[in-house]
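The values are calculated or read from the model by the stated rules, or taken from the named source; none is laboratory data. Nothing here was measured: the structure is a model prediction, and the numbers come from that model. No Cβ is skipped: glycine too gets one built from the backbone with ideal geometry, and neighbour counts run over all protein chains shown.
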Amino acid sequence: MTPKPRLLIVEDEPAIRVGLIDVFTFHGYAVESAANGEQAWQMLMRGPWALALLDVMLPGMDGFELLRRLRARDRDLPVILLTARGTEDDVIEGLSLGADDYVAKPFSVAALVLRVQAVLRRAGRLPGDGERLTLAEDIEVDPGTLCATRDGQTLPFTRREMDLLLYLHAHAERAVSREELLHKVWGYGNASDLETRTVDIHVAKLRRKLERDPAAPRVLLTVRGAGYRLVRA
């Protein structure tokens, strides 16, 4: 029998926490929960988990700090932030810290379930160990370890950054639009209606790692009016 995906829900409001536990248990997940950041941190260290849903506004250690600590220990675990703070600055901070997605309250439970499924699908789509990619500027990428090397230096990536890099590499013969990336990498169904800087934020993070001079990119190029194109070796 296939084991159930193990999901950690971190939410301080009891009604929301219980409701999410019921919903995801019904959808076939093995669900555990925490009501504050300190409790969640202890549980995260007792993994493995398939995914964590983190509320941002937690008592004590908030969701941002919890995510910051987690990413210092684990770059792979998929994380979705839940919050009533939906300003652009908050979204940018959450994504910059390594969140895989950011869902503002109030949210549709059905849509949240789909977002969790989309993140988990992406988390299982890495090429097999040993399949390496070569990019411009003498960059060797190892998707299996979520790392690249250049001039003997290790360049670490989050899983989302690697998913984006792999998709751009697979379509390196052309420019890939933001809408296509939101649909294929992030799993949004109708990306053309979204107003989000998610793709731009992640491209900027990739450039800081891949480019010798991010202000004058030679690996990950912007194609005006068309999107982004990755340059293979």
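Just checking: which of the helices (runs of 4 or more DSSP H) contained wholly in the stretch 139-228 hold 1 or more residues that are closer than 22 Å to ALA72 by Cα and modelled with pLDDT under 95?
So the answer is 159-170, 198-210.
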### Query
With the stretch 6-57 as the region, which strands (runs of 3 or more DSSP E) entirely inside it contain at least 1 residues that are at pLDDT 90 or above and surrounded by fewer than 17 Cβ atoms within 10 Å (Cβ to Cβ)?
30-34
### Query
Which one is surrounded by the most Cβ atoms within 10 Å (Cβ to Cβ) among residues in the stretch 151-170 that are without any contact (Cβ under 8 Å) to a residue 40 or more places away in the chain and of a type outside the set (Phe, Trp, Tyr)?
MET162
#### Entry: Answer residue from the stretch 65-76, given it is touching a Gly at 6+ places or on another chain (Cβ under 7 Å) and hydrophobic (A, V, I, L, M, F, W, C) and is nearest to GLY94 (Cα to Cα) among those
LEU67
